[in-house]
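In what follows, a structure is listed as structure tokens, so that the remarks can point back to it.
The values are calculated or read from the model by the stated rules, or taken from the named source; none is laboratory data. As the structure is a prediction and not an experimental result, all values here were calculated from the model. All Cβ positions, glycine included, derive from the backbone under ideal geometry; neighbour counts span all protein chains shown. Just the protein is used for accessible areas: all its heavy atoms, side chains included, with ligands, DNA and RNA removed. Shrake-Rupley method; radii C 1.70, N 1.55, O 1.52, S 1.80 Å.
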Amino acid sequence: MRLVKALTPLLIAVVLIYFLNSGFASLPPLGKLMDPVHGYMANAESKNAFNSDNIHLKNSDVKGTVYMDDRLVPHIYAEKDYDLYFLQGYVTAQYRLWQMDIQTRAASGRLSEIFGEKFIPYDKEQRHKGMVYAAETAVEEIKKDPELLTCVQAYTDGINAFMGVDVNHENGNMSYCDYPIEFKLLNYKPEKWTLLKTGLLLKYMASTLSGFDDDIESTNLQKLLGEENFNLLYPNRPAGIDPIIPLEKKYDFIPVIADSTKPQIAELYYKKVLNEFTETHEKNQVGSNNWVVGPSKTKNGFPILCNDPHLQLNLPSLWYEIQLHSSTSNCYGASLPGAPGIVIGFNENIAWGVTNAQVDVRDWYTITFKDESKSEYQYGDTWRKTTTRIEPIIVKGQETIMEPVIYTHYGPIVYNAETETMDSKQHSEITERKNMAMRWSALQPSIEIKTFYLLNRAKNYDDYREALTYYDCPAQNFVFGAHDGDIAITQQGKFPVKYTGEGRFILNGSNPADDYQTYIPDEQNPFIKNPERAFCSSANQHPTDSTYPYYYTSYDFEFYRNRVINNTLTNLSNIQVEDMQHLQQNNFNMMASEVLPFLLTHLNNNENAKTNLSDNIKHSLTKWNYYNHADSLSPTYFQIWWDTLYATLWDEMDNTEIAFVKPNMYNTVNAIKNFSENYVYFDITKTTDKKESLSDVIQMSFNAMCNMVNNIQSKNPAEILWYQHKSTDIMHISQIPAFSKTTIHNGGYRNIVNASSETHGPSWRMVVELSNPINAYGVYPGGQSGNPGSKYFDNFVDTWAKGEYYHLQFFTTETEAKKQAQFTLTFN
């Protein structure tokens with residue numbers, strides 16, 4: 001007994017030491033984390049972090065210098081391209097290592113390794129979408145191009161050199177002390193960078209920009225509404241659009257002809273996917289603006305190019321600002337941490353920018369298997385063989401899941417659940433997404449990274465067009481401007497030649513007629529050079545008018561931002577950089593301007609129904625100038641009213657089981673203004689004893705809005721201010737609130753040129769005047785460092801929110817860079 005008493009404190013100490021150093025459940029090893037020398041305190045920033053240093057790398061003869069400016073932007077100078085990209089990889093890892101690691105883990109479906117079983121559904125979907133397969137295919141294409149392979153391998157070697165990886169250290173020899181704070185909090189180690197990880201990052205962006213569609217929703221809606229009403233509410237080409245390629249363009253080529261047939265609508269209704277993926281689809285806000293004005297419209301006689309991609313706002317930022325200078329190129333702009341080169345930027349001769357094309361590049365096919373083994377599937381009168389990849393999914397604290405993924409010639413089977421019969425008054429048979437193959441351009445062999453490698457070095461329009469020939473997916477609108485005065489825009493991607501309607505609904509994988517075989521030639525993709533109006537622009541709208549001979553569709557074309565931009569550029573002359581900055585900040589709500597006056601005329605003027613609050617709100621909306629400025633009240637009133645009205649109008653599409661998507665804003669406004677007062681789908685389905693008209697729904701939604709405003713004001717009147725109600729949040733990727741910036745003080749919203757919404761917005765604003773020397777400005781909502789303990793972690797956010805810009809220091813000589821450097825890293 002005495003021995004037990006004597007040993008008990010020792011046992012407790014041993015157990016305590018074990019858990020403090022190893023962690024328990026979701027807790028990190030608190031002992032290591034709280035260590036004042038090696039734990040979280042080691043991530044605090046000191047003055048020594050900004051001292052110049054000579055770095056000697058073992059087993060490497062890389063030479064070059066990194067000049068860090070006062071915003072911590074690296075200006076890298078190296079003679080050889082290998083050395084240049086090696087140093088880009090090194091310095092990017094130095095400031096963004098955890099971000100690079102977590103994004104590639106998310107892409108490859110490896111989050112369960114860190115976060116446990118709750119991420120198993122996500123990891124399974126990533127594997128079934130073929131993300132790893134797509135990345136492997138991309139790497140094989142890179143290996144076929146010696147010049148590009150040198151670039152990507154150098155970048156990979158630079159990342160690993162920063163982590164101390166060599167042949168004997170698979171996971172590097174970084175000490176725990178040097179880990180970024182997120183590795184410590186989440187209790188895992190950095191791992192060796194590979195070519196595959198760069199491939200995964202690029203496919204992750206492809207998924208972000210093209211991994212959405214509404215084929216299943218459209219199939220369901222065609223059955224719910226009937227063909228006539230479906231075409232009314234979801235027209236493929238609505239009236240009044242302003243396409244990317246202006247009407248002056250004549251398509252005088254001979255198009256590739258698709259077989260003519262009519263889409264066959266599947267008999268079953270299809271269920272929604274898991275809630276988190278459905279919500280991601282419904283809240284997809286990926287978009288962008290870009291434009292370039294020609295020298296005839298500018299004050300100084302040089303083209304001015306502008307770009308602001310609208311993506312999820314995170315800390316660390318999606319982008320990493322950088323200058324790259326070698327004997328073959330000198331370019332500046334926004335890079336993606338994890339991939340070499342610059343994605344959006346400029347050099348001494350040209351500038352370029354991108355927006356998402358929105359054109360559907362993902363289709364779904366029902367597959368009929370021969371038997372339960374799923375080793376063969378029907379294709380016409382024959383049976384084709386499937387292949388199966390076993391995807392090991394490592395789960396923290398559990399056994400590894402060996403997930404089989406079946407591939408057809410169309411692509412992988414993403415959903416393979418069993419059919420389920422449900423008791424429903426409206427639909428007696430609802431099916432899971434069983435045995436459906438996904439055909440997605442991103443799964444085909446391609447080498448998009450070469451496009452940016454070449455654009456970084458391009459000198460003129462011909463170089464720009466040559467660079468785009470390597471670009472397949474995600475489809476993008478590449479805007480271009482050159483010092484010599486040329487301007488252009490091209491919608492580039494690998495687009496199949498389809499019959500009218502093909503791919504808008506679920507296709508029959510057993511029918512060879514649904515299996516497109518040819519693609520639109522690159523030279524027949526929509527483009528224009530030096531248009532008569534002297535500007536090119538895109539904002540995710542339709543690329544062409546109806547004279548373009550090829551069929552295309554989209555899940556989410558835009559109809560408002562593009563018209564504001566085009567109207568503004570048409571009316572401007574003697575344009576300066578400041579004019580373009582103001583246009584990027586434009587808060588005009590065109591959608592509200594086109595629908596609000598109509599809504600106000602439908603309000604009940606009954607004196608008994610009026611209140612002081614409703615009168616004040618109506619007066620405010622009547623006098624509103626339609627600008628969504630940060631401290632305004634009217635945008636809040638309108639948005640609450642519109643959201644309520646929109647949900648009430650299309651309540652037929654509210655279903656917890658069946659996948660539907662509601663008509664977009666543009667088509668909803670068209671229906672409100674032009675359809676009959678008693679259009680059948682304006683009626684509220686829940687009120688079975690009454691038939692509501694449009695006026696009834698408008699009044700009801702206005703009254704509901706007034707009640708909501710009253711409730712908000714009674715709790716906190718400040719929350720009625722537009723920026724408070726909108727609440728733009730820039731969350732840390734890990735969703736740790738302490739590392740995030742919330743309720744940003746800015747205006748704008750979806751469908752507004754300044755597209756700052758709750759979670760998405762202008763992720764990199766850039767304005768480049770192609771003068772000599774280049775006159776360029778930019779800003780993004782974040783900071784150069786990924787370390788939450790650094791003063792450079794989020795120091796750009798307030799500048800971005802206020803609509804201000806930094807002058808971009810684009811050095812043409814190393815002497816200039818040296819004079820302006822805050823500190824240098826010399827590699828020899």
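Close amide H contacts of E692 (hydrogens built in the peptide plane, cut-off under 5 Å, sequence separation of 5 or more or a different chain): I684. In order along the stretch 265-271, phi translates into HN-Hα couplings of 8, 4, 6, 8, 8, 10, 6 Hz, rounded to whole numbers, per the Karplus curve 6.51 cos²θ - 1.76 cosθ + 1.60 with θ = phi - 60° and x for Gly and Pro. Take the stretch 631-753 with all the other protein chains still there, run a 1.4 Å probe, and you get 43 Å² of accessible area per residue.
Are there trypsin sites (Lys or Arg not before Pro) in the stretch 66-165 that DSSP puts in a loop and that have at most 14 other Cβ atoms within 10 Å, and which ones? Before the final figure, lay out the partial values.
On the way: sites: R71, K80, R96, R105, R110, K118, K124, R127, K129, K143, K144; in loops: R71, K80, R110, K129, K144.
Hits after loop and neighbour filter: K144.
List every DSSP H helix in the chain whose Cα atoms extend 24 Å or more along the helix's own long axis and whose mean Kyte-Doolittle hydropathy is at least -0.5. Flagged H segments are 2-22, 81-108, 146-163, 694-715.
Note on E677 and L572: the model spin-label points, each 7 Å out from Cα along the C-beta direction, lie 4.4 nm apart.
Residues whose amide H falls under 5 Å from that of I344, counting only those 5 or more places apart or on a different chain, are A334, with hydrogens built in the peptide plane. The simple spin-label model puts a point 7 Å past each Cα toward its Cβ; for C177 and K623 those points are separated by 6.5 nm.
In the chain, what percent of the accessible surface is made up of carbon and sulfur (1.4 Å probe, ligands and nucleic acids excluded)?
Numbers: 17270 of 34220 Å².
Carbon and sulfur: 50 percent of the exposed surface of the chain.
Taken over the stretch 583-660, the ratio of Cα radius of gyration to 2.2 N^0.38 Å equals 1.32.
The radius of gyration of the Cα set in the stretch 75-122, together with its Dmax, comes out at 15.7, 48 angstrom. Taking the Kirkwood radius as Rh and the Cα radius of gyration as Rg, the stretch 722-773 has a ratio of Rg/Rh equal to 1.14. The Cα atoms of the chain cover 84, 77, 68 Å along the three principal axes, with the biggest extent listed first. Using R0 = 60 Å, the C-beta based FRET efficiency linking S714 and E140 works out to 0.45.
With N set to the residue count of the stretch 595-748, report its C-alpha Rg divided by 2.2 N^0.38 Å to two decimal places.
Its radius of gyration relative to the 2.2 N^0.38 Å reference: 1.17.
Past 31 Å, Cα to Cα: identify those pairs from K262/K385; K396/K791; K124/K189; K203/K272; K450/K529, in the order given. All intermediate terms of the calculation are to be shown ahead of the outcome.
On the way: K262/K385 28 Å; K396/K791 34 Å; K124/K189 23 Å; K203/K272 24 Å; K450/K529 22 Å.
Checking Cα-Cα distances, K396/K791 exceed 31 Å.
Projecting the Cα atoms of T92, Y77, N54 onto the charge dipole of the stretch 53-99, computed from C-beta unit charges around the Cα centre, puts T92 farthest toward the positive end. A Cβ-based charge dipole, computed about the Cα centre of the stretch 679-828 with Lys and Arg at +1 and Asp and Glu at -1, lands at about 180 debye.
If R0 is 30 Å, what FRET efficiency do you get for K459 and K819 from their C-beta distance, rounded to 0.05?
Details: r = 27 Å, r/R0 = 0.91.
So, using R0 = 30 Å, E works out to roughly 0.65.
Each principal axis of the stretch 174-333 carries a Cα extent, and these read 65, 53, 30 Å when sorted largest first. Considering Cα pairs under 8 angstrom that are at least six residues apart, work out the relative contact order of the chain and quote it in whole percent. That works out to 19 percent.
Is the shape of the stretch 486-645 best called rounded, prolate or oblate, per the rule: a/c under 1.5 gives rounded, else a/b larger than b/c gives prolate, else oblate, with a ≥ b ≥ c the square roots of the Cα gyration tensor eigenvalues? Display every interim value, and only then the final one.
Details: a/c = 3.63, a/b = 1.57, b/c = 2.32.
Since a/c reaches 1.5 but b/c is at least a/b, the shape of the stretch 486-645 is classed as oblate.
Just to be sure I follow the rule: in the stretch 597-697, considering lysines 8 or more places apart or on different chains, how many pairs have Cα atoms under 21 Å apart? Summing the qualifying lysine pairs gives 8.
Rounded, prolate or oblate, given the Cα gyration tensor of the stretch 751-799, with a/c below 1.5 counting as rounded? It would help to have the intermediate numbers written out before the result.
Working: a/c = 3.69, a/b = 1.23, b/c = 3.00.
Oblate is the answer for the stretch 751-799, as a/c is 1.5 or above yet b/c matches or exceeds a/b.
Please calculate how many Å² of accessible area the stretch 158-261 carries per residue, with a 1.4 Å probe and no DNA, RNA or ligand atoms counted. Could the numbers behind the result be given before it?
Details: 4540 Å² over 104 residues.
Per-residue value: 44 Å².
Once a ≥ b ≥ c are taken as the square roots of the eigenvalues of the Cα gyration tensor of the stretch 167-251, is the result rounded (a/c under 1.5), prolate (a/b larger than b/c) or oblate (a/b not larger than b/c)? Here the stretch 167-251 falls in the prolate category.
Roughly what percent of Cα-Cα pairs across the stretch 464-518 reach past 14 Å? Before the final figure, lay out the partial values.
Working: 968 of 1485 pairs.
Here the long-distance tail beyond 14 Å is 65 percent of all Cα pairs in the stretch 464-518.
Comparing P412, T386, I730 along the charge dipole axis of the chain, the residue lying farthest to the positive side is I730, per the Cβ-charge model.
Provide the per residue accessible area, probe 1.4 Å, for the stretch 74-130, rounded to a whole number of square angstrom.
On the way: 1440 Å² over 57 residues.
On a per-residue basis, 25 Å².
Given N residues in the stretch 709-821, what is Rg(Cα) / (2.2 N^0.38 Å)? Display every interim value, and only then the final one.
Numbers: Rg = 17.8 Å, N = 113, 2.2 N^0.38 = 13.3 Å.
Dividing the Cα radius of gyration by 2.2 N^0.38 Å gives 1.34.
Cross-link reach is defined here as a Cα-Cα straight distance under 18 Å, omitting same-chain residues fewer than 8 places apart; for K715 the lysines meeting it are K726.
Projecting label points 7 angstrom from Cα along Cα→Cβ for T601 and E403 puts them 5.4 nm apart. Over the stretch 669-715, one equal point on each Cα, no solvent: what is log10 I(q)/I(0) by the Debye formula at q = 0.28, 0.33 Å⁻¹? Ignoring solvent entirely, the Cα scatterers give -0.99, -1.15.
Residue separation times 0.36 nm, minus the C-alpha to C-alpha distance between S771 and N828: what's the value? The partial results should precede the final answer.
Working: separation 57, 0.36 × 57 = 20.52 nm, distance 3.52 nm.
Stretched out fully, the S771 to N828 stretch lengthens by 17.0 nm.
Once the Cβ-Cβ distance of E372 and K299 is raised to the sixth power relative to R0 = 56 Å, the FRET efficiency obtained is 0.20.
As a test of understanding, state the convex hull volume per residue of the stretch 100-235 from its alpha carbons, in Å³. If you can, show how the numbers build up before the last one.
Details: hull volume 21.4 nm³, N = 136.
Value for the stretch 100-235: 157 Å³ per residue.
Each residue of the stretch 366-383 is assigned a 3J(HN,Hα), and the resulting list reads 7, 10, 9, 8, 5, 7, 5, 5, 6, 8, 9, 9, 6, 9, x, 9, 10, 10 Hz, derived from the Karplus form 6.51 cos²θ - 1.76 cosθ + 1.60 (θ = phi - 60°), x at Gly and Pro. Think of it as helices only: each DSSP H run of n ≥ 4 in the chain is worth -39500 (n - 2.57), and spread over all residues that comes to -10000 deg cm²/dmol at 222 nm.
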